Amino acid sequence: MVQKEGKRDRFAEPRAFRDRSVCQGEAPGSEKTPRVSPRRQSSPGAMEDTSSQKSGQSEGALGSLMPEETPANFICVKLEEYEPTDFSTKELILKKAREVCTCDYQTIITFFCRLFPVLDWLPRYNIKTQLLGDVVSGLLVGIVAIPQSISYSLLANQDPIYGIYTNFFCNIIYVAMATSRHNFVGSFGVLCLMIGQSVNRHLQLAGYSNDNAGSSLAGNSTSSSNGTGACDRSCYAITVALSLSFLVGLYQILLGVLQLGFVAVYLSEPLLGGFVTGSSLTIITSQMKCLLGLKIPRHEGVGSFILTWVDLFRYIQNTNICDLVTSLVALAIIVPVKEINDRYKEKMKAPLPIELLVVIVATVISYYFNFKERYKSAVCGDIPTGFRKPTLPDINLFSSLAVDALPIAVVGFAMTVSLAEIFGKKHGYAVRANQEMIAIGMCNLIPSFFYCFASSAALTKTLLKESTGTQTQVSGLVTSLVLLLVLLWIAPLFYLLQTSILGVVTIANLRGGLRKFRDTPSMWRLSKLDTVVWWTTMLSSMLITTEIGLLVGVCFALLCVIFRTQRPRATLLGKVSNTEIYEDQSTYKQLSTIVNIKIFRFESSLYYVNKDYFKAVLYQKTGVNPILLATKHQRVEAQANADTANSKSFFGTRFDCLKQAKKRAEKPPVDACPPSVGMHTLILDCGAMQFIDTGGLSVLKEMHHDYKEIGVEVLLANCNPSIRHLLRQGGWAGKTDSGGQLAFHSVHNAVQFAEQRYHVQQEESKEKKDALPDPEDLNFQVSL
């Protein structure tokens, strides 16, 4: 980049202490340096335009200094800025358009390789070192995914076959478009809960019976005479889910194309943790009726969590003993085995697929003991094999589903991107957030034509996939092959599987979300605000609704960020002995204070939200309110003038004049005395300020003016280039004799400058005092 002569930032830098002759440029054994005129001398913080001096050049020192001029043992460091590049919106748009419209062989190859990362890594796939880990991991994840696909379908208010469809198609698409090597994309409990709530709400609006709500399985479907013809409850439920999945995928693709992957950063870790825990408690509540074999209405909206528990206790006498016993036995088997798998996963070659084993054994027992006919247990019913013909989403439902799809899309891509980045950092490969958003969007958009509901990266299956040695997304293809076997041949065998077993499988996989309660004490010790965000999001997601809970959590987290910047930490700094380091006096012991100098640090950017707090805390910490002091000084002067005006006697007036002349002769000049406020310099450490807006600049101007009225000089230190540019353009200190405001590279430089300038002022005041006549002689002459 070409450098042009233009604006320069100047800073004060200390020079080794020298005697008066050297300070004036007369170094021993060298030629005399021309003295610079006082009007040409710049202060260490001057930020005016220069055109003839080179960067780093020092200026001569002055023999006598004005109050705001640079002491002799300081030099001005002038940093030349790069000339800003001419910005033209029209040229930028044309440049981007030419880049997009350029069509050659290399551009096409690059585009498809970025859109389909599989084209990049698959040709380099090492069969000898990677295939075994991918096959083993894919088989294990596929085995675990079978019962979870069926159980999560129940949670999403869908038939079991649609959960298997979702996991099958999403894995194939994600393999081709993902940059993550470890994510498993499929049915996710929190998303299934949100989908089920939306589906149930639309079923009620469409007039379908809610006598057996929460069981939309094929064997329990109820027809309706609401004008939808042959479409029964199950048919309408999947129609709503398909339209919802289409909109979710469309939102996610648009976010990825528009490069809005940064939206995920607004979902902080405490917020997501609280949301998952609150949703987990809601899921457990919704599955309790399956464990007890109760038929109660599925509540939606605010307070559904509490209403569901009220109904559970109201109808507790109708509990199906067979379902209750099988649920307790299944829980007693699955939970301990999964705990053993988690604890000894490093020593075990592969985790025990206890869920699938329990599902198989429970299905066999239900078949031989005929639980459905003998004990009226709820079962999965008929699960068809093969695939259904593709269908189009119902466009008429888009308007009513547009709002429901937004939080599902946000949660889906947030979980996917978060897991992808976690395992990418752990295993040392790059993950592109925007490409992940496009990939998960396609996993929702395309499968919506094949009877699949919305999906995202699933936490438990992703952890299992990573712990079992997966190397690439080839393991996802293996998992899809396992699910394909279920779709073609095995699915009908689950006809007599009790729904209570599916509820147990769902609850057992929510242990991770419930474990977050154990982390809250340590989180409280680390950050109280993060803990409050976690509890707020958890309680609102549980007690209100999942969608509103997520919105409440995001808004509350943003308010916490605003609160942190609105009332940030503000401290006075002290010097660490024999160093150039300055630290917080309220935190560290044995810090030395600088006489008559206050060093104030404001640990946030200065803008319109916290500008009033900045002034208030500054006055509080320094103990000096310049406005009050100036007002008090004016009152004292007014009172003195009034007393003088009341003197009417000629001799009294003459006597008073003699007394005042004597006092004036005895009193040294104001410049030579330390200010009555207890400090002569205020240094602002701006190292923690990222930016200053116009409101903050106005506060700085007011503060500089107010302190100057009471004789206190304000210096800035550690300002970044953007702040220096704003200060220079805004002229926060106004036009001074020294040519600009005072700014320093470090606090130590500012302290040195303030001490030495004050020393020079003291010497000059002493010289002026010596030049005055002796007070007694003056009194004698006046008396004569």
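The values are calculated or read from the model by the stated rules, or taken from the named source; none is laboratory data. Model, not experiment: these values are computed from the prediction. Don't worry about glycine lacking a Cβ; one is built from the backbone with ideal geometry, like all the others, and counts go over all protein chains shown. When the accessible area is computed, the model is the full protein with side chains, heavy atoms only, and any ligands, DNA or RNA have been set aside. Shrake-Rupley method; radii C 1.70, N 1.55, O 1.52, S 1.80 Å.
Tabulated values for the structure
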{"read-out": "Residue among Gln585, Gln590 that is free of Cβ contacts under 8 Å to residues at least 24 places away in the same chain and open to solvent by 80 Å² or more (accessible area, probe 1.4 Å)", "value": "Gln590"}
{"read-out": "Some residue of segment 508-525 being of a type in the set (Asp, Glu) and open to solvent by less than 60 Å² (accessible area, probe 1.4 Å)", "value": "no"}
{"read-out": "Scope segment 339-354; condition open to solvent by less than 60 Å² (accessible area, probe 1.4 Å) and at pLDDT 80 or above; matching residues", "value": "Asn341, Pro353, Ile354"}
{"read-out": "Only one of Ser377, Ser366 that is over 25 Å from Thr472 (Cα atoms) and touching a Cys at 6+ places or on another chain (Cβ under 6 Å)", "value": "Ser377"}
{"read-out": "Breaking point among (1) touching a Cys at 6+ places or on another chain (Cβ under 9 Å); (2) within 30 Å of Ser540 (Cβ to Cβ), for Tyr315", "value": "(1)"}
{"read-out": "Any hit, segment 167-185, residues being crowded, with 24+ Cβ neighbours inside 10 Å, closer than 21 Å to Ile360 by Cα and of a type in the set (Phe, Trp, Tyr)", "value": "yes"}
{"read-out": "Residue that is among the hydroxyl-bearing types (Ser, Thr, Tyr), under 30 Å from Leu247 (Cα atoms) and at pLDDT 90 or above, where the choices are Thr391, Thr385, Thr326, Thr363", "value": "Thr391"}
{"read-out": "Within segment 368-419, considering residues that are small (Gly, Ala, Ser) and in a helix (DSSP H, G or I), the one most open to solvent (accessible area, probe 1.4 Å)", "value": "Ser399"}
{"read-out": "Failed item in (1) under 21 Å from Val624 (Cα atoms); (2) within 20 Å of the chain's Cα centre (by Cα), with Leu550 passing the rest", "value": "(1)"}
{"read-out": "Residues of segment 169-200 satisfying the condition of being assigned to a helix (DSSP H, G or I), of a type in the set (A, V, I, L, M, F, W, C) and within 29 Å of the chain's Cα centre (by Cα)", "value": "Met177, Val190, Leu191, Cys192, Leu193, Met194, Ile195"}
{"read-out": "Filter pass, Ile683 being surrounded by 15 or more Cβ atoms within 10 Å (Cβ to Cβ) and at pLDDT 90 or above", "value": "yes"}
{"read-out": "Filter result for Tyr236 (open to solvent by 50 Å² or more (accessible area, probe 1.4 Å) and at pLDDT 70 or above)", "value": "no"}
{"read-out": "Any hit, segment 425-440, residues being out of contact with any Asp or Glu (no Cβ under 9 Å at 6 or more places or on another chain), closer than 17 Å to Phe168 by Cβ and either in contact (Cβ under 8 Å) with a residue 12 or more places away in the chain or of a type in the set (Asp, Glu) (or both)", "value": "yes"}
{"read-out": "Residue match in segment 141-153 (condition: outside any helix (DSSP H, G or I), open to solvent by less than 60 Å² (accessible area, probe 1.4 Å) and in contact with a Ser or Thr (Cβ under 8 Å, 6 or more places away or on another chain))", "value": "no"}
